[in-house]
1. Tell me the mean residue ellipticity at 222 nm calculated for the chain from its helices only (DSSP H runs of n ≥ 4, each -39500 (n - 2.57), averaged over every residue, nearest 500).
2. If you work out semi-axes √(5λ) of the Cα gyration tensor in Å from the coordinates, which of (1) 34, 23, 13; (2) 42, 18, 15; (3) 24, 18, 14 do you get?
3. Taking amide H atoms as placed 1.01 Å from N in the peptide plane, list the residues 5 or more away in sequence, or in a different chain, whose amide H sits under 5 Å from that of Phe64.
4. To the nearest 0.05, what FRET efficiency results for Asn88 and Leu135 with a Förster distance of 30 Å applied to their C-beta separation?
5. By the gyration tensor of its Cα atoms, with a ≥ b ≥ c the square roots of the eigenvalues, what is the shape of region 68-135: rounded for a/c under 1.5, prolate for a/b over b/c, or oblate?
6. Roughly how many debye, to the nearest 20, is the charge dipole of region 2-134 about its Cα centre, given +1 on each Lys and Arg Cβ, -1 on each Asp and Glu Cβ, and no other charges?
7. On C-alpha positions alone, give me the angle between the axis of helix 13-24 and the longest principal axis of the chain, in degrees, nearest 10.
8. So, counting K/R as plus one and D/E as minus one, what does the shell of residues with Cβ under 12 Å around Thr78 add up to?
Amino acid sequence: MVINFKEVIFVDDDLKDYTKELLNADIRVFIYDNEKRNTEKTNWLIISKNNNIGYIQKERFIGFGFSTKHKPNRQSGTGYQVETEIINPKIENALNTFCYKPNWALNDNVEIQKYKDINEYLKQEHVLRYKEIVL
């Protein structure tokens, strides 16, 4: 399912503008779908490019947070935080979410499994349904 960029209610103009930058850089952007779409503001995104998946959130107080995505496990949950409190995000920040693990977690002795691609991620999700944002 898709949703037109103009129909998305973003939490603020910073996230809206950054989402447009991502889309123009050929990065696929997904938001969760719910019945409150007319009133609930989008504050986080799932992104994908070349079979990689990442997570971006507009932080409540300062800037943006960026995280990896992997299959859930008890030791490291569903991803690692890569960057936080980024005020003026660039495309590079989004691309950094596609790493296997951030440098700070390379020696944590936790074996993670990445999703094969965005389709595998979307199929395993049993709680949220997603829509892809298109321009």
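Every number here is computed from the coordinates shown, using simple stated rules; none is lab data. Nothing here was measured: the structure is a model prediction, and the numbers come from that model. As a convention, Cβ positions derive from the backbone with ideal geometry for all residues, glycine included, and neighbour counts pool all protein chains shown.
1. -5000 deg cm²/dmol
2. It is the one labelled (3).
3. Correct list: Glu59, Glu85, Ile86, Ile87.
4. In this case the efficiency is close to 0.85.
5. Working: a/c = 2.09, a/b = 1.07, b/c = 1.97.
Here region 68-135 falls in the oblate category.
6. Around 360 debye, computed over region 2-134.
7. With rounding to tens, the tilt is 70 degrees.
8. Charge balance in the 12 Å sphere: +3.
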